[in-house]
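Q: First the structure, then my questions, so here it is.
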């Protein structure tokens, strides 16, 4: 029987080609994301109603999202952490630095792993943060290796979310915590127009499907996790896509530069530029949501009578 992926809104094809497509997308956009978004390739977090101002405020907001997830999930200082979809290492270096954690990061992108290791060395954290090009579901780590499993805006790229939660359960030690921050969709049916916007986001961002926050909770419970909870941060992160702020600087020559990038790197790179208006529309209609999920591996698994 085919595993439930946890979404009614699939777009990018799953299967053997998905990982290669995700790897290619992040290899070809690494410098764009780092130049425009900084070291954190994820949403920022603001107080509800707060308006973003300048580039420094974006960077402060992306830093804050990491701290908010640490607080919500209860990541302990000094924990051994697996960062699934580590990007160029921004959150991992916070975990390894101020929080004193030992971090192993995995990403499908060789370019991201190399850049993350460079950044760890530059920060003097090479002894506590290591990054690898590996599939999160075929990662090579032994059972019960980690106190925490951290996944910031990476679960959307994994087609089989049932398998993800099972792998998280395998990798965590008893009492270990799972911390997820993710793009998501409203629970329930979407209108035809909302479905069209969501499908475009999935296609341009090389994502196979979205799940609702409630579906993430259901999948965690089905995998055997306890103390499962979620929080909706949609109103806190939506500013990340404001038209005058989503791209920190205007690209020289506009469409001409986009054509040059597509010619040099392939058309997949254009998804980087399409994301902003699509995500803004998704948030404005309520079809797109964003939140965090926390779950704990029971200290003692239940036994069958």
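Q: With the cut-off at 1.5 for a/c, could you classify region 103-149 from its C-alpha gyration tensor as rounded, prolate or oblate? Walk me through the intermediate numbers first.
A: Values: a/c = 3.18, a/b = 1.36, b/c = 2.34.
Cα axes put region 103-149 in the oblate bin.
Q: Once R0 is set to 51 Å, what does the formula 1/(1 + (r/R0)^6) return for the Cβ-Cβ distance between residue 285 and residue 102, expressed as a FRET efficiency to the nearest 0.05? Walk me through the numbers before you get to the answer.
A: Numbers: r = 42 Å, r/R0 = 0.82.
Between residue 285 and residue 102 the formula returns 0.75.
Q: How much length would be gained if the chain were fully extended between residue 221 and residue 145, taking 0.36 nm per residue of separation minus their Cα-Cα distance, in nm to one decimal?
A: Numbers: separation 76, 0.36 × 76 = 27.36 nm, distance 2.09 nm.
Full extension of this stretch gives 25.3 nm more.
Q: Okay, next question. Label residue 231 and residue 192 with points 7 Å out from Cα along Cα→Cβ: what is the distance between them in nm?
A: Going from the residue 231 label point to the residue 192 one covers 4.0 nm.
Q: Rounded, prolate or oblate, given the Cα gyration tensor of region 72-174, with a/c below 1.5 counting as rounded? Before the final figure, lay out each step's value.
A: On the way: a/c = 1.81, a/b = 1.23, b/c = 1.47.
Oblate.
Q: Gain in length, residue 173 to residue 77, computed as 0.36 nm per residue apart minus the alpha-carbon separation, to one decimal in nm? Write down the numbers at each step before the final one.
A: Working: separation 96, 0.36 × 96 = 34.56 nm, distance 1.57 nm.
Here the segment from residue 173 to residue 77 would lengthen by 33.0 nm.
Q: Among 104-111, 216-223, how do they line up by average Cβ neighbours within 10 Å per residue, starting with the highest? Write out the running numbers ahead of the final one.
A: Working: 104-111: 22.1, 216-223: 19.4.
Taking the mean over residues of other Cβ atoms within 10 Å, the ranking is 104-111, 216-223.
Q: Further question on the same structure: Roughly what would the spin-label model give for residue 110 and residue 203, points 7 Å off Cα along C-beta, in nm?
A: With each label placed 7 Å out from Cα toward Cβ, I get 3.0 nm.
Q: For region 163-220, what does the alpha-carbon gyration tensor say about shape, rounded, prolate or oblate, given a ≥ b ≥ c as the root eigenvalues, a/c under 1.5 as rounded, and a/b over b/c as prolate? Show your work: numbers first, answer last.
A: Numbers: a/c = 3.45, a/b = 2.20, b/c = 1.57.
Prolate is the answer for region 163-220, as a/c is 1.5 or above and a/b outweighs b/c.
Q: Provide the packing ranking of 155-161, 88-94, i.e. peptides ordered by the mean count of other C-beta atoms within 10 Å per residue, highest first.
A: Working: 155-161: 23.1, 88-94: 26.6.
The peptides rank, most packed first, as 88-94, 155-161.
Q: Taking the Cα-to-Cβ direction at residue 242 and at residue 118 and moving 7 Å from each Cα, how far apart do the two end points lie in nm?
A: Distance between label points: 3.2 nm.
Q: Could you order the peptides 140-151, 76-87 from most to least packed, using the average number of other C-beta atoms within 10 Å per residue? Walk me through the numbers before you get to the answer.
A: Numbers: 140-151: 17.9, 76-87: 21.8.
Highest to lowest by the protection proxy: 76-87, 140-151.
Computed from the coordinates by the stated procedures, all read-outs in this text should not be read as laboratory data. Owing to the predicted nature of the structure, the values given are computational and were not obtained by experimental measurement. Reconstructed Cβ throughout: ideal geometry from the backbone, glycine too, with neighbour counts over all protein chains shown.
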